[in-house]
Amino acid sequence: MTEILEHRDVPLGGLRAMTVRRTLPQRQRSLIGAWCFLDHYGPDRVDETGGMVVSPHPHIGLQTVSWLFGGVIEHRDSVGTHALVKPGELNLMTAGRGISHSEVSTDEVTVLHGVQLWVALPADQRDVEPAFTHYAPPVVHGPGWDAQVFLGSMLGSRSPVETFTPLVGAEMILDGGTTLTPETEPEFEYGVLVDFGLVHVNGEEVKQHQLAYVAPGERVEIEAADLSHLLVIGGRPLGEDIVMWWNFVGRDHDEVVSAREDWMAQISDNNGTIRDSSEIYDGRFGIVTGDHLPPVPAPALPNARLKPRR
Ligand code: MN
């Protein structure tokens, strides 16, 4: 049975809030494989939305995948990366034990369109060293379809980028009338996000901005009614309870609390005032240099203890 997940609109924050369509996590589903977060945005006119201005903020226990369909984002992080995120190129940031980064759409950008995903790291590797990887996958073709496989293996294309759990991620364009049933891994679960167009996944209609979920062991048959632009993700179910709060993926409440304290200690002076970007202290999350943006303070924790979810 294919499950249809609707998005909810979430302001991304920053100086002027651009809105994203969030399809993961949600009440009925936290994860697809180790994919634990899926934000989809645009195409947005930057002169209307203000574009993307996300000041330095921390992460633990996850990898971020930035994949653009249009526009350019300038990425800076505390392992010294300064990269331009461009359409059709994977930018994978491993937070591990702690990283901080900023993301800003460049001045030349008029339209911004893409996705940002997070991958939860498995418990025994969630404290790995922070890192950044870039990969431009080839476009592979078949009858009525084009695809770029940026993580894992599908449609005869294999990404060399290593992951900590078995995963796949691909962008696909199908002509109207095309049916594509990619070879799948029997232990994987899959998600099909429709950027534009209209498809049926295993016979179930999936409209623009919806995410279809396919359980392990089922085929993934995609029939395009119209020209359709898709993101396909999948992976072996993580099988672990995680705690997701703000920008952190941990295993319990205390782990998230200590990450929050470590970040706030780096960005606050002795009176608890948030320092500006040039004055933050070095520490677990390092320092992002060159963006001249003030760091993002963590929100207050909820009164109740954070509950793990699977
Ligand atoms: Mn981030």
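The values are calculated or read from the model by the stated rules, or taken from the named source; none is laboratory data. Since the structure is predicted, the reported quantities are computational estimates derived from the model, not experimental observations. Here the Cβ positions follow ideal geometry from the backbone for every residue, glycine too, while neighbour counts run over all protein chains shown. Note: accessible area is taken over every heavy atom of the protein model, side chains too, but ligands, DNA and RNA are not part of it. Shrake-Rupley method; radii C 1.70, N 1.55, O 1.52, S 1.80 Å.
Please compute P(r) over all alpha-carbon pairs of the chain, binned at 10 Å starting from zero, and give each bin as a whole-number percent.
6, 27, 36, 22, 7, 1, 0
Which of these, HIS253, HIS57, HIS75, has the largest mean-square fluctuation under a Gaussian network model of the chain (Cα springs below 10 Å)?
HIS253
Out of THR181, ALA224, VAL206, whose Cα points farthest toward the positive end of the dipole of the stretch 160-310 (charges: +1 Lys, Arg; -1 Asp, Glu; placed on Cβ)?
Working it through, the farthest residue towards the positive pole turns out to be VAL206.
Compute the relative contact order of the stretch 2-235 as a whole-number percentage, counting only Cα pairs closer than 8 Å that sit 6 or more residues apart in sequence.
19
Let me spell out the model: positive unit charges on the Cβ of Lys and Arg, negative unit charges on the Cβ of Asp and Glu, origin at the Cα centre of the chain. What dipole size does that give, in debye rounded to 20?
Value, rounded to 20: 620 debye.
How would you rank 168-177, 139-148, highest first, on the average number of other Cβ atoms within 10 Å across their residues? Please report the intermediate quantities before stating the final value.
Values: 168-177: 21.1, 139-148: 15.8.
The packing order, highest mean first, is 168-177, 139-148.
Per residue, how much accessible area does the chain show when a 1.4 Å probe rolls over the protein heavy atoms, in square angstrom?
For the chain, the per-residue accessible area is 42 Å².
Tilt of helix 253-267 relative to the longest C-alpha principal axis of the chain, in degrees (0 to 90, nearest 10)?
Helix 253-267 sits roughly 60 degrees off the main axis of the chain.
Given a 1.4 Å probe and every protein chain left where it sits, what share in percent of the accessible area of the stretch 2-235 is carbon and sulfur? Mind showing how you got there, number by number?
On the way: 4100 of 8700 Å².
In the stretch 2-235, the share of accessible area belonging to carbon and sulfur is 47 percent.
Rounded, prolate or oblate: which fits the stretch 160-204 when a ≥ b ≥ c are the square roots of the eigenvalues of the alpha-carbon gyration tensor, with rounded for a/c under 1.5 and prolate only if a/b beats b/c?
Prolate, because a/c is 1.5 or more and a/b exceeds b/c.
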